[in-house]
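Taken together, the values in this text are just the output of simple stated rules run on the coordinates, not laboratory data. In this text the structure is predicted, and so the values were computed from the model without any measurement. All Cβ positions, even for glycine, are placed from backbone atoms using ideal geometry, and neighbour counts span all protein chains on display.
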Amino acid sequence: MLKKLQILSLALLSSLSLSVSADCKLSVRVFDFAPQFVQDEQGQWQGMAVELIEAVLQEANCSAQFNNISWKRALHLLEHGGLDIMLNMSITAQRQKYLHFIGPLRDETMILVTPRGLESEISNLSDIKKLTRRVGILRGAYYGTEFAQKMQQDTGFSEKFEEANSTDVNIGKLKKQRIAGFFNDKYNASYILQNKLDGTQYKIQPLILNQDFVYIGVSKKSVSAETRELLDRAFTRAQSKGTLKKILTKYGDSSP
């Protein structure tokens, strides 16, 4: 009798998984920025972040519909049910109200990219106030608790920043000497210095703005609790198989 009950339970769980994944197509935010997201000539999306989410979705028998959306706009859509998934997200109290976090996906270290001829080294946040030009930041991005507090409490500090919708915009501003530098993840910044900026003219400053894990953010508004649970289990399987680590290693990301 016990064996029959166990078989029945397994059958019910299997049926639940199949019902959730039968038509499991989830919208995923992308943005044309290598090496995380790259759109080829045929319009197909590739890159490290794309491969990571595809590996998780494959384990869940789901597929992705990629939507090219700015960071700030994507946050709004996630909150209101117009988008299902966004990658490389830091956990904040505000985001936890409308997002379910899966991961951690990888380790992220936020740093500052500037010209090599900058007037002084930037080793801490207070040094930024010495700069004669502003620093570029992404609209809606999270740069850590210390940065957020200083932005609220120190007007002289908060006036030193200029928002943009993308890192490419900040790169363009830096080349034209409109900003003193911009914040970015260290992994992405290393790629930028090799492919989008002349590494002999620009560098990464000693300042470590924030270091923390980033996650897959799943909308609580548009994605059911059953599907979120399915994705949790899929991530665990992809991680235990070493699939995610292989992708990170392939792209030269040394995240644990």
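Mind giving me the nanometre distance, one decimal, between the label points for S255 and E146, set 7 Å out from Cα along Cα→Cβ?
In this crude label model, S255 to E146 measures out at 2.2 nm.
Fewest first, what order do T249, T243 take by the number of other Cβ atoms within 10 Å? All intermediate terms of the calculation are to be shown ahead of the outcome.
On the way: T249 12, T243 16.
Going from least to most buried by this count: T249, T243.
Using the basic label-point model (7 angstrom from Cα toward the beta carbon), what is the R178 to A34 distance in nanometres?
Placing both labels 7 Å beyond Cα along the Cβ direction yields 2.4 nm.
When K130, K196 are ordered from fewest to most other Cβ atoms inside 10 Å of their Cβ, what list results?
Ascending Cβ contact count within 10 Å gives the list K130, K196.
Multiplying the sequence separation of E41 and K245 by 0.36 nm and subtracting their Cα-Cα distance, what value in nm do you get?
70.7 nm
Mind giving me the nanometre distance, one decimal, between the label points for N195 and K221, set 7 Å out from Cα along Cα→Cβ?
3.2
If the cut-off is a Cα-Cα distance under 23 Å, which lysines reach K245, setting aside same-chain residues fewer than 8 apart in sequence?
K245 reaches K186.
What aspartates and glutamates sit close enough to K173 to cross-link, taking a C-alpha to C-alpha distance under 15 Å and skipping anything fewer than 8 places away on the same chain?
Reachable aspartates and glutamates: E162, E163, D198.
What does the charge count around K25 come to, taking other residues whose C-beta lies under 13 Å from its C-beta (Lys +1, Arg +1, Asp -1, Glu -1)?
Within the 13 Å Cβ shell, the charges total -3.
Among residues other than M110 whose Cβ falls under 9 Å from its Cβ, what is the net charge (Lys/Arg +1, Asp/Glu -1)?
Numbers: positive: K186; negative: E108, D185, D212.
With Lys, Arg at +1 and Asp, Glu at -1, the neighbours total -2.
Could you run the Karplus curve 6.51 cos²θ - 1.76 cosθ + 1.60 with θ = phi - 60° over the range 169-178 and give me ³J(HN,Hα) per residue in whole Hz, x for Gly and Pro?
3J(HN,Hα) across the range 169-178, in whole Hz: 5, 5, 4, x, 5, 5, 4, 8, 6, 8.
So how strong a dipole does the range 108-212 carry about its Cα centre when Lys and Arg Cβ are +1 and Asp and Glu Cβ are -1, to the nearest 20 debye?
It comes to approximately 440 debye.
Write down the percent of antiparallel bridges among all DSSP beta bridges whose residues are both part of the chain, to the nearest 5.
Just about 65 percent of them are antiparallel.
Please go through the range 159-218 and write out the GluC sites (Glu not before Pro) that DSSP classes as loop and that have at most 16 other C-beta atoms within 10 Å.
Working: sites: E159, E162, E163; in loops: E159.
Answer in residue order: E159.
Given a cut-off of 32 Å, name the pairs among K72/K175; K220/K241; K72/K130; K97/K150; K130/K246 whose C-alpha atoms lie farther apart than that in the structure shown. Don't skip to the answer; put the middle values down first.
Values: K72/K175 24 Å; K220/K241 27 Å; K72/K130 29 Å; K97/K150 24 Å; K130/K246 42 Å.
Check vs 32 Å cut-off fails for K130/K246.
Hey, what do the phi angles of the range 78-88 turn into as Karplus ³J(HN,Hα) couplings, whole Hz, using 6.51/-1.76/1.60 and θ = phi - 60°, x for Gly and Pro?
4, 5, 9, x, x, 8, 8, 9, 9, 9, 6
Rounded to the nearest 500, what is the 222 nm mean residue ellipticity of the chain from helices alone, with -39500 (n - 2.57) per DSSP H run of 4+ residues and division by all residues?
Calculated at 222 nm, the ellipticity per residue is -12000 deg cm²/dmol.
Which net charge results for the neighbourhood of Q205, defined as the other residues with beta-carbon distances under 13 angstrom from its beta-carbon, given Lys and Arg at +1 and Asp and Glu at -1?
Here the charged neighbours net out to +1.
Would you grab the residues whose amide H sits under 5 Å from the one on G181? Only those 5+ places off in sequence or on another chain, please, with H modelled 1.01 Å from N.
G136
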